[in-house]
Amino acid sequence: MMSRPSAAAGPILVVDDDPKIAQLVRAYLEREGFTVVTAGDGVAALAAVDELRPRLIVLDLMLPELDGLSVARRVRDDSDVPILMLSARGSVAERVHGIAEGADDYLAKPFSPAELVVRVKAILRRTATPVTHEPLRLDDLVIDPERHEVVRDGERLVLSTVEFRLLVTLVEANGRVLSREALLDALYGAAEGEAVDRTIDVYVRRLRERLGDAPEQPRYVATVRGIGYRALVS
């Protein structure tokens, strides 16, 4: 099993089979003070995740050996490290599919390296650990924002950074219904990224899968038709 990468430390891992793109992204990120390593295929990417414990992964979809979606799935089985996915296919359906497989954000090719740097910084801001925060509770879940941890019956549940922030946002609303727009704003900020309403539905579905929560008989998160979602706080 892979060791658990941390979003708090380590280099940024750039995974792209085009050396020119990988080196261009590396140059822009290093100019901003980041430590960067690169990998040219999916197998090498997983080895780097295991060995280097990156703080963030910039991951191309079209890779030799093992494609980007497969890499994202394997990383998500054991890690909450943020993933910025790159693809030449930039349709809404493709973005939603990438997010469904574990991406935290999605950038279509061709892209501006400067925009990629902005996206990376935005993701790292969103996933930064707060200085202090009291643990939250939802039914039998204990949610610790400071340690970025969700525990149920002594077992730590693996959530991506976006799934975790979504759960915290819902619980902190204390049972109030939050619209998709409000949730998008909480996750991304008013001007960050190209998120769409369907993205929130994908995140909620992923969160429910992680928690083992059935939408028909929810224990943790309920759908309010035509409006959004709310946490089932007691």
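The label point for R225 and the one for S112, both projected 7 Å from the Cα toward the Cβ, are 4.3 nm apart.
Just so you know, the Cα atoms of the chain work out to an Rg and Dmax of 17.3, 54 Å. Helix-only arithmetic for the chain: the sum of -39500 (n - 2.57) across DSSP H runs with n ≥ 4, divided by the residue total, places the mean residue ellipticity at 222 nm at -12000 deg cm²/dmol.
Taking amide H as placed 1.01 Å from N in the peptide plane, the amide H of R219 sits under 5 Å from that of A214, each at least 5 places away or on another chain. The accessible-area ordering, largest first, of the residues K20, K109 stands as K20, K109, per a 1.4 angstrom probe. Using heavy atoms of the protein chains and a probe of 1.4 Å, the accessible area assigned to R74 is about 130 Å².
With a 1.4 Å probe rolled over the protein heavy atoms of all chains, the accessible area of M85, M62 falls in the order M62, M85, largest first.
Residues whose amide H lies under 5 Å from that of I83, counting only those 5 or more places away or on a different chain, are I57, D104, D105; hydrogens are built 1.01 Å from N in the peptide plane.
A 1.4 Å probe over all protein chains sorts R208, R147 by accessible area into R147, R208, starting with the largest. The alpha carbons of segment 96-176 occupy a box of 45, 29, 27 Å along the principal axes, longest dimension given first.
The values are calculated or read from the model by the stated rules, or taken from the named source; none is laboratory data. All of these numbers come straight from a predicted model, not from anything done at the bench. Ideal geometry is used to build each Cβ from the backbone, glycine not excepted, and the neighbour counts take in all protein chains shown. Accessible surface areas use protein heavy atoms only, side chains included; no ligands, DNA or RNA. Shrake-Rupley method; radii C 1.70, N 1.55, O 1.52, S 1.80 Å.
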